[in-house]
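The values are calculated or read from the model by the stated rules, or taken from the named source; none is laboratory data. Small disclaimer: the values here were computed from a predicted structure and weren't measured. When we count neighbours, we look across all protein chains shown, and the Cβ atoms used for this are built from the backbone with ideal geometry, even at glycine.
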Amino acid sequence: MASELIERAMTYVKQKLEKEYSGHDFFHTLRVFKVATRISEREGVNVETVQLAALLHDVDDRKVSPDTYKTQANARDFLASNGVDESTTELICQIIREISFGDNTEAPTTLEGKCVQDADRLDALGAIGIARAFAYGGNRNRHMYHPDVKPNLNMTREEYVKSESTTVNHFYEKLFKLTALMNTEAARSIARERERYMKDFIDEFMAEWEGEK
Ligand code: ADP
Ligand code: NI
């Protein structure tokens, strides 16, 4: 049973991300919340802190809310108006800042942060990860696949942000690197399964592309 604070956070985030279609909609947050909870129970950390950070992790995201991205004002407002103390608020804000792929090459400094980052990354893998990648590509008018456009495995952050690569290339350029980047053993084992599923998908995709099936 979720605590009342968690219930309130869930309602808040739902309303905040209702109109978000950038791959960071409320249901993404809900999936991250569920998986982060699962991982944190295995890691023996403060589950409520992990849950709050998971729920609030995108409300000040650069793409979702560019004006509060630096101050984390949305997360802070929610926590302050719900009586969360200052040190817990700082911990949650730190966890959120340390999550993002690319902005941070170093692992999160807290175990709670590691759980949330792993859960966020897991949502880019598996069946959901495949669906999100093609939804993103469609939104940006990207090719699903193009035989002449090869993946670039060693892009700088700048190149990655500007990249006009295909969605299939994104699997190689980012998604297949995620398993090795998992912080917790629990997440790495889920990641392995999800990556296998994606590799099978790519094999099937290529066979169909070549007319072999
Ligand atoms: P985050 O903000 O969580 O680090 P992103 O905004 O990079 O994640 O990605 C959100 C979702 O969109 C992920 O599932 C990711 O795989 C997908 N995505 C991001 N960039 C691309 C891309 N170039 N091609 C296809 N999918 C992408
Ligand atoms: Ni996220």
Report task. Provide a single number: the residues in region 103-132 that are more than 12 Å from the chain's Cα centre (by Cα) and within 19 Å of VAL64 (Cβ to Cβ). Result -> 2
Query raised in the report: Where residues in region 46-55 are surrounded by fewer than 24 Cβ atoms within 10 Å (Cβ to Cβ) and touching a residue at least 60 places away in the same chain (Cβ under 8 Å), which of them is nearest to ligand 2 (Cβ to nearest atom)?
Result: THR49
Report task. Taking ASP58 as meeting all but one of (1) touching a residue at least 40 places away in the same chain (Cβ under 8 Å); (2) part of a helix (DSSP H, G or I); (3) out of contact with any Gly (no Cβ under 9 Å at 6 or more places or on another chain); (4) within 16 Å of ligand 1 (Cβ to nearest atom), write down the number of the exception. Result -> (2)
Query - Number of the exception - LYS63 against (1) crowded, with 19+ Cβ neighbours inside 10 Å; (2) not in a helix (DSSP H, G or I) - result: (1)
Query raised in the report: Considering region 1-24 alone, what residues qualify as being modelled with pLDDT under 95, surrounded by fewer than 17 Cβ atoms within 10 Å (Cβ to Cβ) and of a type in the set (Asp, Glu)?
Result: GLU18
Report task. Being within 16 Å of ligand 2 (Cβ to nearest atom) and more than 22 Å from GLY129 (Cβ to Cβ) is the filter here, so list the residues in region 21-45 that pass it. Result -> none
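Quick grid of which residues meet (1) more than 19 Å from the chain's Cα centre (by Cα); (2) under 19 Å from THR109 (Cβ atoms); (3) not hydrophobic (A, V, I, L, M, F, W, C):
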{"residue": "PHE26", "(1), (2), (3)": "no, no, no"}
{"residue": "LYS34", "(1), (2), (3)": "no, no, yes"}
{"residue": "ARG38", "(1), (2), (3)": "no, no, yes"}
{"residue": "THR49", "(1), (2), (3)": "no, yes, yes"}
{"residue": "LEU52", "(1), (2), (3)": "no, yes, no"}
{"residue": "HIS57", "(1), (2), (3)": "no, yes, yes"}
{"residue": "LYS63", "(1), (2), (3)": "no, no, yes"}
{"residue": "ASP77", "(1), (2), (3)": "yes, no, yes"}
{"residue": "ASN82", "(1), (2), (3)": "yes, no, yes"}
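With respect to LYS19, determine if the residue is part of a loop (DSSP other than H, G, I, E, B), within 16 Å of ligand 1 (Cβ to nearest atom) and not hydrophobic (A, V, I, L, M, F, W, C).
On the way: part of a loop (DSSP other than H, G, I, E, B): yes; within 16 Å of ligand 1 (Cβ to nearest atom): no; not hydrophobic (A, V, I, L, M, F, W, C): yes.
Answer is no for this residue.
List the helices (runs of 4 or more DSSP H) inside region 149-197, counting only whole elements, that have at least 2 residues being more than 15 Å from GLN117 (Cα to Cα), of a type in the set (S, T, N, Q) and within 15 Å of ligand 1 (Cβ to nearest atom). Quick ask: steps written out before the conclusion?
Working: elements: 157-162, 167-173, 178-181.
Result: 167-173.
Looking for whichever is at pLDDT below 95, among the basic types (Lys, Arg) and under 25 Å from MET182 (Cβ atoms) here; the options are ARG31, ARG38, ARG62. Which one fits?
The conditions single out ARG62.
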Query raised in the report: Can you name every residue in region 100-144 that is surrounded by 17 or more Cβ atoms within 10 Å (Cβ to Cβ), within 16 Å of ligand 2 (Cβ to nearest atom), of a type outside the set (Asp, Glu) and not in a helix (DSSP H, G or I)?
Result: PRO108, ALA124, LEU125
Query - Complete set of residues in region 68-99 that are in contact (Cβ under 8 Å) with a residue 12 or more places away in the chain, closer than 20 Å to LYS16 by Cα, within 16 Å of ligand 2 (Cβ to nearest atom) and not in a helix (DSSP H, G or I) - result: GLN72, ILE99
Query raised in the report: Going by the structure shown, is ARG194 modelled with pLDDT of 95 or more and within 16 Å of ligand 2 (Cβ to nearest atom)?
Result: yes
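Inspect region 73-93 for any residue being within 15 Å of ligand 1 (Cβ to nearest atom), surrounded by 14 or more Cβ atoms within 10 Å (Cβ to Cβ) and at negative phi and give the result as yes or no.
Kept after step one, since they are within 15 Å of ligand 1 (Cβ to nearest atom), are these residues of region 73-93: none.
Taking every residue of region 73-93 in turn, none turns out to be within 15 Å of ligand 1 (Cβ to nearest atom), surrounded by 14 or more Cβ atoms within 10 Å (Cβ to Cβ) and at negative phi.
Does at least one position in region 148-166 carry a residue that is of a type in the set (Asp, Glu) and surrounded by 12 or more Cβ atoms within 10 Å (Cβ to Cβ)?
Pass one, region 148-166, residues of a type in the set (Asp, Glu): 148, 158-159, 164.
After this cut, where a residue has to be surrounded by 12 or more Cβ atoms within 10 Å (Cβ to Cβ) as well, the list is 159.
Looking through region 148-166, at least one residue is of a type in the set (Asp, Glu) and surrounded by 12 or more Cβ atoms within 10 Å (Cβ to Cβ).
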